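The block underneath contains the structure these notes are about, expressed in structure tokens.
The values are calculated or read from the model by the stated rules, or taken from the named source; none is laboratory data. In this text, all values refer to a predicted model and were calculated from it rather than measured experimentally. Reconstructed Cβ throughout: ideal geometry from the backbone, glycine too, with neighbour counts over all protein chains shown.
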Amino acid sequence: RTLPNLSPWSLKLETWLRMADLPFTNINNEFKKFSTKGQVPFIELNGEQIADSNIIIEKLKEEFGKADMDPTDPMDQALASAFSALAEDHLCWTLFALRSQLGFDYLLSDDGFGRHHGSGLMKSIQHLIARPLISRHMTYRAQGQGMGKHTPDELHAMANKALASISVFLGDKPYFGGERPTTLDATMFGHLAPFVYTWTPEGKLTKSVKETYPNLGKYVERVKEKYWPDWDETCSTMDMNTHKNKE
Amino acid sequence: LRMPAPALLKRDWQKDHVYLVQFPRMGCIPTASPFALKLETWLRLCKIPYTNVSNEFTKMSEKGQIPFIELNGRHYADSVHIIDVLKHEFKKDPEALLNPLEKAQLIAFRALIEDGIFWAIPYNRSRNTKWIAGDKGFSGHFHGVKKILFEKIMVPKCIKNMKAKCHAQGIGRHNQLEVEKMTKDQFDSLEDFIGTKSFFFGEIPTTLDITAFGHIQQFLHTPMASDELKNHLEQKCPNLTKMVNRLKDEFWPDWDEACSKLSLATTMDGPEEAAAAAAESH
């Protein structure tokens, strides 16, 4: 209800498709269809499945001639690679670990996935079953990746340090790529949007991106306005292809 | 709810002296833990007095990890946190002179190494495992039945654990070629960032260089699933490779001795000085 997709990787990929202006259709995985790597998002292109958002983006750049989605200067590419890792391999997991430790009620609420579970008794039963399964799975992933070992205070400190660095790197540029968005912008939007639009423990990290590092909050709003004009529509109706309504 | 910190391993500790708890030495590299190698090298860079303590393969930090330290009677876990603590306690900061943008870049490249490149290590080791129980690994520490138990029980358990972590984090779902490609691209980013400089931020090594050292040396010295990554580093990343080898020459003159003697007691200053220092502190 508060953002189109809770998976930052899916949000990243869809944002990339919109930035690269490629024709696409969303398909609902109904919580059960996963790629050969056991994940979402994945794509089907010309009859072939491609898995992993980064592998997908590389393939699409090649297939559709979108090399201009990335900087040409090697130093800029290196910085993009590093800041992408900071958002996707580090910051992302601090929030994931916080959700796995503190955030279940949110995930199962109507702001999260709750509306997909019907209503009344069916909803209560589904939650009863889903809750321990999701809890176990998220803990398994957070512990395996490593962030799950830290306390909430430590996770907040790490997240804030990462946000501070990303904020300095963005500075007053309109996009991380400069005047035009690059793949790094899709990545950053995918991973920063949850801090702006979804639950964070006691709202502290939302405050970080809106008040302590305001250029980040403003950046997320800017990208949303430009590339997700159907944001409110898709969130409220749960229709996955509202982007086509504009055409 | 925080668990109480584990009991101190070193009860008769010296003031302002770091006790670095890590795995015993191996045959092909002082330690297979990139974080322990980073931390020990950082202590040497910053000239902080320390003594290695073997974790005897079993004792882990309160977060279940190696390395950890004991300092002035307190337990500290997680190498990144430990370095922050040491900077504060010993007033040492290799990156004090960096400007805000450079400090931001340091944080980003650290993530590229410790949250990115790092994962290629357990990924590869969970596919090429036998060496850990052999000469290049820990075999020198064990004899007879213990050797067999280590090889047949402890090592497979450790590998299973590594595989689960790789799967949980995501890298475990890729095939070897995909992981090699991703890792090579990440190596190239480090190579482009260092350029022709001696170290990432100029002529003086920072914590980032030491972090890269701890990880890159694993690819240069320990067996992976193939030689692809080592070859890529040596052939396509000459500046990065030169930098980590420069650090090895400067801060690990006892590298070979540490490995051949499987000793946690070697120091930068040579065996005679080490023995004299040991005699002094007792």
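Quick look at the numbers
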item	result
Every residue from segment A:8-65 that is among the basic types (Lys, Arg) and more than 20 Å from A:ASP230 (Cβ to Cβ)	A:LYS32, A:LYS33, A:LYS37, A:LYS59, A:LYS61
Among the residues listed as B:GLN235, B:GLN186, B:GLN218, the single one being free of Cβ contacts under 8 Å to residues at least 40 places away in the same chain and either more than 12 Å from chain A (Cβ to nearest Cβ) or in a helix (DSSP H, G or I) (or both)	B:GLN235
The lone exception for B:ILE117 - which of (1) more than 14 Å from every other protein chain (Cβ to nearest Cβ); (2) modelled with pLDDT of 95 or more it fails	(1)
Condition broken by A:LEU3, with the remaining ones in (1) without any contact (Cβ under 8 Å) to a residue 40 or more places away in the chain; (2) away from chain B (no Cβ under 14 Å); (3) of a type in the set (A, V, I, L, M, F, W, C) satisfied	(1)
Enumeration of residues in segment B:162-182 that are under 23 Å from A:THR94 (Cβ atoms) and either more than 8 Å from chain A (Cβ to nearest Cβ) or part of a helix (DSSP H, G or I) (or both)	B:MET162, B:ALA164, B:LYS165, B:CYS166, B:HIS167, B:ALA168, B:GLN169, B:ILE171, B:GLY172, B:ARG173, B:MET182
Some residue of segment A:88-111 being closer than 25 Å to A:HIS127 by Cβ, of a type in the set (A, V, I, L, M), over 17 Å from the mean Cα position of the chain (by Cα) and buried (at least 18 other Cβ atoms within 10 Å of the Cβ)	yes
Residue under evaluation A:GLU154, criteria (1) in contact (Cβ under 8 Å) with a residue 12 or more places away in the chain; (2) surrounded by fewer than 19 Cβ atoms within 10 Å (Cβ to Cβ), criterion not met	(1)
Scope segment B:73-100; condition surrounded by fewer than 20 Cβ atoms within 10 Å (Cβ to Cβ), touching a Phe, Trp or Tyr at 6+ places or on another chain (Cβ under 7 Å) and either over 18 Å from B:LYS47 (Cβ atoms) or of a type in the set (Lys, Arg) (or both); matching residues	B:GLY73, B:HIS75, B:LEU98
Residue ID - nearest to the chain's Cα centre (by Cα), chosen from residues in segment A:157-178 that are without any contact (Cβ under 8 Å) to a residue 24 or more places away in the chain and within 8 Å of chain B (Cβ to nearest Cβ)	A:LYS161
Residue ID - farthest from the other protein chains (Cβ to nearest Cβ), chosen from residues in segment B:189-215 that are in a loop (DSSP other than H, G, I, E, B) and surrounded by fewer than 21 Cβ atoms within 10 Å (Cβ to Cβ)	B:ILE204
Filtered residue count, segment B:220-272, keeping only those that are β-branched (Val, Ile, Thr) and in contact with a strand residue (DSSP E or B) (Cβ under 6 Å, 6 or more places away or on another chain)	0
Candidates B:ASN124, B:ASN128 - the one that is in a helix (DSSP H, G or I), away from chain A (no Cβ under 14 Å) and under 30 Å from B:GLU191 (Cβ atoms)	B:ASN124
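A quick yes/no check of all residues on (1) more than 19 Å from A:ALA20 (Cα to Cα); (2) modelled with pLDDT under 95:
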| position | (1), (2) |
| --- | --- |
| A:TYR140 | yes, yes |
| A:ASN160 | yes, no |
| A:GLY171 | yes, no |
| A:GLY203 | yes, yes |
| A:SER236 | yes, yes |
| A:HIS243 | no, yes |
| A:LYS246 | no, yes |
